[in-house]
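J.: First, the structure itself, so that you have it in front of you.
The values are calculated or read from the model by the stated rules, or taken from the named source; none is laboratory data. Keep in mind the model is a prediction, meaning the values are calculated, not measured. Cβ sites come from the backbone with ideal geometry, for glycine too, and all protein chains shown count toward neighbours. All accessible areas refer to the heavy atoms of the entire protein, side chains included, with ligands and DNA or RNA removed. Shrake-Rupley method; radii C 1.70, N 1.55, O 1.52, S 1.80 Å.
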Amino acid sequence: MPTPMDLSGKVAIITGAAQGQGAAEARLFASLGARVVLTDVLAEQGRAVADSIGAAACFVRHDVGNENDWRTTVDTALATFGRVDVLVNNAAICVNRPLVEQPAAEFERMLRVNLVGAFLGIQAVVGPMTSVGGGSIVNIASQAGQQGLSGYSAYGASKWGLRGMSKVAAIELGPLGIRVNTVYPGMIDTPMIAHLGVQRGPGGHPGAPLTRVGTPEEVADVVAFLASDASSYITGADLTVDGGASAGRIPVTG
């Protein structure tokens with residue numbers, strides 16, 4: 001009997017899958033029966049993750065901001081596994097810097113990877129998804145796409161933009177059977193936040209009601225749900241995975 005999040009028969013493209021959330025998503029998808037195309041600019045690490053998964057996975061070196069790379073990725077998915085059912089736009093870069101100190105080129109680079117990359121990905125998979133009757137696109141945004149966070153002007157702009165684009169994509173692609181939803185992770189224990197020196201376990205994230213940082217696997221569970229038929233009547237939705245951090249400030253006592 002299939003599990004509620006059974007992904008058997010589905011083929012997924014997951015960007016930024018060499019580490020962190022993307023790698024966790026790829027491993028979970030494969031364990032649920034999917035075949036997975038992992039992409040990243042970190043080729044050695046990405047191939048290692050794909051190799052660890054086995055025959056259900058392959059790796060493509062892929063700059064998400066490059067339109068030709070998207071063609072190669074989709075062509076590889078079709079040639080290797082025969083179809084595309086799911087796209088997870090997970091790849092992102094982040095630099096924490098005050099707005100007045102941020103070079104324009106750095107700002108534009110983050111928009112190119114985090115927002116234009118997802119735009120190109122959506123365009124690239126619409127045809128293959130439509131040919132098999134539909135599919136699911138999951139865009140990975142951030143708590144910075146729901147709240148203003150000091151020092152994250154470029155990153156926040158890209159994630160707020162992703163939020164808006166996801167809504168429009170859900171409206172326009174719904175009639176084709178393609179669902180588009182957005183996930184908003186908060187502080188998750190990945191290489192992207194390693195420089196912050198956060199502590200794992202209870203008390204490591206006092207700004208969240210659950211008091212701890214999240215794990216990549218906790219984000220992957222939500223992404224798998226949105227990729228699966230268990231969420232077949234959900235599109236244009238925002239799912240927050242941040243331990244409650246965006247609910248509001250925790251009062252200081254004592």
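J.: If Lys and Arg each add +1 and Asp and Glu each add -1, what is the summed charge of the other residues whose beta carbon sits under 11 Å from the beta carbon of R83? All intermediate terms of the calculation are to be shown ahead of the outcome.
T.: Details: positive: K10, R35; negative: D85.
So the environment of R83 carries a net charge of +1.
J.: List the residues, sorted by chain then number, that are 5 or more residues from G151 or on another chain and whose placed amide H is less than 5 Å from its amide H.
T.: L99
J.: How far is it, in nm, from the label point at S31 to the one at S246 when both lie 7 Å from their Cα along the line to the Cβ?
T.: So the label points at S31 and S246 sit 2.6 nm apart.
J.: Right, something else. Pulled fully out, how much extra length does the chain show between Y233 and A79, if you take 0.36 nm times their separation in residues and subtract their Cα-Cα distance? Numbers along the way, then the final one.
T.: Values: separation 154, 0.36 × 154 = 55.44 nm, distance 2.99 nm.
So the extension gain works out to 52.5 nm.
J.: Another question, then. For the stretch 71-162, max minus min Cα coordinate along each principal axis, in Å, sorted largest first?
T.: Its Cα atoms span 47, 24, 16 Å along the three principal axes.
J.: Roughly how tilted is helix 117-131, in degrees to the nearest 10 and between 0 and 90, from the longest Cα axis of the chain?
T.: Taking the Cα atoms of the chain, the angle to 117-131 is about 30 degrees.
J.: Another question about this same structure. Between Rg and the Kirkwood Rh of the stretch 1-55, both from Cα atoms, what is the Rg to Rh ratio?
T.: 0.99
J.: Where only protein heavy atoms count, and the probe is 1.4 Å, what is the accessible area per residue for the stretch 27-130 in Å²?
T.: 46 Å²
J.: Quick check: net charge around A57, other residues with Cβ under 12 Å of its Cβ, Lys/Arg +1 and Asp/Glu -1? Don't skip to the answer; put the middle values down first.
T.: Working: positive: R27, R35, R47; negative: E25, D51.
Cβ neighbours under 12 Å give a net charge of +1.
J.: Sticking with this structure for a sec: Calculate how steeply helix 43-53 sits against the longest principal axis of the alpha-carbon atoms of the chain, using the helix alpha-carbon long axis, and give the answer as 0 to 90 degrees to the nearest 10.
T.: So the inclination is approximately 70 degrees.
J.: Given q = 0.11, 0.20, 0.22 Å⁻¹, what are the Debye log10 I(q)/I(0) values for the stretch 1-130, with equal point scatterers placed on the Cα positions and solvent ignored?
T.: The computed values of log10 I(q)/I(0) come out as -0.38, -1.08, -1.25.
J.: Ok, one more. Fully extended, how many nm does the chain gain between S131 and A105 (0.36 nm per residue separation, minus their Cα-Cα distance)?
T.: Working: separation 26, 0.36 × 26 = 9.36 nm, distance 3.84 nm.
Here the answer is 5.5 nm.
J.: With a 1.4 Å probe and all protein chains left in place, how much of the accessible area of the chain comes from carbon and sulfur atoms, in whole percent? Before the final figure, lay out the partial values.
T.: Working: 6480 of 11540 Å².
Roughly 56 percent of what the probe reaches on the chain is carbon or sulfur.
J.: From a point 7 Å beyond the Cα of I171 in the direction of its Cβ, which residues of the stretch 86-121 have a backbone N at a distance under 18 Å?
T.: 119
J.: A further question follows. Give me the angle, in degrees from 0 to 90, between the Cα long axis of helix 216-227 and the longest principal axis of the Cα atoms of the chain, rounded to the nearest 10.
T.: Once rounded, the angle reads 40 degrees.
J.: How far is the Cα center of the stretch 1-79 from the Cα center of the stretch 160-193, in Å?
T.: The stretch 1-79 and the stretch 160-193 have Cα centres separated by 18 Å.
J.: Using only Cα atoms, figure out Rg for the chain and give it as a multiple of 2.2 N^0.38 Å.
T.: With N residues counted in the chain, Rg over 2.2 N^0.38 Å equals 0.97.
J.: How much net charge surrounds D238 when only the other residues with a Cβ under 13 Å from the Cβ of D238 are counted, with Lys and Arg +1 and Asp and Glu -1?
T.: +2
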